[in-house]
Amino acid sequence: MIAALNGAFDDISRAMRLHRVWIALAHEDIGDQHRRTTLGPLWLLVNYVAFVGTFVFVFQPAGRDAAGYSAYVAIGLLVWFYLMEVMSMSVSLFQREESFIEGTTLPLFVYVMRLGLQSVIRAGYAIAGCVAILVFSGSPVATPWLWSLAGLLLILFATPALITVFAFLGAFFPDSQFIVGNLLRVGMFFTPVFWMNNSQDPIQKYAYEWNPFTYFLEIVRLPIINGEFPAHAFTVTILASLFTWAIALLLLGRYRKQIVFLI
Amino acid sequence: MVSIKLNNVSLVYKLHEKLTLSAPDRRVAGPGGRIEGSGRKQFVQALDGVSFDLKAGDRLGLVGPNGAGKTTLLKVLYGIYEPTDGSVDIEGKVDALFNINIGFRREATGRRNIVLRGLISGWTEAEIEEKMEDIIAFSELGDFIDLPFKAYSQGMAARLAFSAATALDPEILLMDEWIGAGDASFQEKAKRRMDELAEKAGIIVLASHSEALIQSVCTKKLTLRSGRIESFTTEPVKRVGAVAKSS
């Protein structure tokens, strides 16, 4: 296990020294995805705002003010779309990078960081939209917002680990690309992205409390919506992140040299 | 001192079968190593007990039929594949040209692609900047260098790839069938650059099916068959004349 961890740290430190590579490639990726479009990456902002608007229009609970629900959905969709993109793109990461993996000696973590940075850049446009919605919905900018920022940073910390775990999953079990895709589509309805837990419905209560993604959402949302520090959500998210990192390091250390034979 | 030393290198990997509706006995194995085992536990013996030494100035030609292990051996030398047995000792800065499209983005210009290729090879931005004009001049791409890579022909892509790969004077250069895409004048120019590289006490390892290319570029020839060395001849070509069988 020690050898595996050393191997993983070696891969990560080499990737960090090559940061110019993944920064350049991630920027190229974003540019390529929006090349020749009129709005360019601003489409990411338009898509996000359109989604929030649609959800607020369709799902706003009776008796709840539109502004408060807009803020609730805006943060929920921001975090959920980010996590969903990270996980769904990760399962096919090594297959997409096949020519690089079979033709260069770049450490695997370079591809992890390339996808991570790409997802962060895309989320940046959604964050701009989210802040605008929060301001327009009348959410007062206050000190608890710093806890939301800490929540975002915690999600950022967990991102490379999530990518690594899902990338290895996709390499070992190609079927998981479809399974994860389907689970994420269904998972949106079992995660409090746009619905609120009223603790009355047992299924809803179960989906709220036993779904780890609930806590990833709540560490960003509760400080802004309720003005409180969600200690329980932070604890669960920190533990989940550390657990994911432990799995990621073991996979990276143990199997990084096998990936080239699997893809 | 630049050198390559392989001692009894073997590479075995497990075949990860995809689910298929075909009956197992009707599936035909393609070329590439020897397949051992049966059912879901099949292994490919891609290299088997490969040993040789190369020293500064050597130019090794790798030959053999499809699936003999030429590309696998190059990838072991580059560090992409980790051998399952034996040892690989390499002294010197290695660069490789396996696939001319590696590191090149279709939408980016040739100039931007030189930057990306350089970063992937571990160059600093200063080194890329310093070599940029040399690479463009050697590639003879002219104004095309500022057009997107997707506008290039295969031959133009090969020119750019070769110019970039050899620009920083790698001490060891590994190449896999790269030259077929370039035209005759560029092949001649590329050969001169390889001569210069080898004369600066470098090592070149070139895998090819072209006997003429091997004869004109290489000073040693290693023939592989089913992952094993069939023959290793030194000084085989017009350069020296006599062909001595060393192992």
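The criterion of at least 1 residues that are away from chain A (no Cβ under 14 Å) is met by the following strands (runs of 3 or more DSSP E) wholly inside the range B:33-133: B:34-38, B:41-55, B:59-63, B:85-91.
Provide a single number: the residues in the range A:176-197 that are open to solvent by 80 Å² or more (accessible area, probe 1.4 Å) and among the polar types (S, T, N, Q). It would help to see each step written out before you state the result.
Filtering the range A:176-197 for residues open to solvent by 80 Å² or more (accessible area, probe 1.4 Å) gives A:178-179, A:182-183, A:185, A:189-190.
Then keep just the ones that are among the polar types (S, T, N, Q); that gives A:182.
Final tally of qualifying residues: 1.
When the range A:208-263 is examined, which residues are found to be touching a residue at least 60 places away in the same chain (Cβ under 8 Å), within 14 Å of chain B (Cβ to nearest Cβ) and touching an Asp or Glu at 6+ places or on another chain (Cβ under 8 Å)? Once the filter is applied, which keeps residues that are touching a residue at least 60 places away in the same chain (Cβ under 8 Å), within 14 Å of chain B (Cβ to nearest Cβ) and touching an Asp or Glu at 6+ places or on another chain (Cβ under 8 Å), the range A:208-263 yields A:253, A:256, A:260, A:263. Of all the listed residues (B:115, B:76), the sole one being surrounded by 18 or more Cβ atoms within 10 Å (Cβ to Cβ), without any contact (Cβ under 8 Å) to a residue 40 or more places away in the chain and over 18 Å from residue B:191 (Cβ atoms) is B:115. Contact map, the range A:98-109: residues that are more than 7 Å from chain B (Cβ to nearest Cβ) paired with residues that are basic (Lys, Arg) and assigned to a helix (DSSP H, G or I), Cβ distance under 8 Å, separation 6+ or inter-chain. Pairs shown: A:107/A:14; A:109/A:14.
Table: residues versus (1) open to solvent by less than 20 Å² (accessible area, probe 1.4 Å); (2) within 18 Å of the chain's Cα centre (by Cα).
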{"residue": "A:53", "(1), (2)": "no, no"}
{"residue": "A:57", "(1), (2)": "no, no"}
{"residue": "A:62", "(1), (2)": "no, no"}
{"residue": "A:67", "(1), (2)": "no, no"}
{"residue": "A:73", "(1), (2)": "yes, yes"}
{"residue": "A:92", "(1), (2)": "no, yes"}
{"residue": "A:100", "(1), (2)": "no, no"}
{"residue": "A:112", "(1), (2)": "yes, yes"}
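Can you pull out the helices (runs of 4 or more DSSP H) entirely within the range A:13-95 that have at least 2 residues that are within 14 Å of chain B (Cβ to nearest Cβ)? Quick ask: steps written out before the conclusion?
Numbers: elements: A:19-33, A:42-59, A:66-90.
By residue number, A:19-33.
Regarding residue A:162, is this residue modelled with pLDDT of 95 or more, within 18 Å of the chain's Cα centre (by Cα) and surrounded by 13 or more Cβ atoms within 10 Å (Cβ to Cβ)? Quick ask: steps written out before the conclusion?
Working: modelled with pLDDT of 95 or more: yes; within 18 Å of the chain's Cα centre (by Cα): yes; surrounded by 13 or more Cβ atoms within 10 Å (Cβ to Cβ): yes.
Yes.
Restricting attention to the range A:75-88, the residues being of a type outside the set (Val, Ile, Thr), out of contact with any Ser or Thr (no Cβ under 7 Å at 6 or more places or on another chain) and buried (at least 18 other Cβ atoms within 10 Å of the Cβ) number 7. Taken together, the criteria exclude residue A:118 from residues that are open to solvent by 50 Å² or more (accessible area, probe 1.4 Å), polar (S, T, N, Q) and either within 14 Å of another protein chain (Cβ to nearest Cβ) or over 30 Å from residue B:71 (Cα atoms) (or both).
The values are calculated or read from the model by the stated rules, or taken from the named source; none is laboratory data. Source: prediction; values computed, not measured. No Cβ is skipped: glycine too gets one built from the backbone with ideal geometry, and neighbour counts run over all protein chains shown. Accessible surface areas use protein heavy atoms only, side chains included; no ligands, DNA or RNA. Shrake-Rupley method; radii C 1.70, N 1.55, O 1.52, S 1.80 Å.
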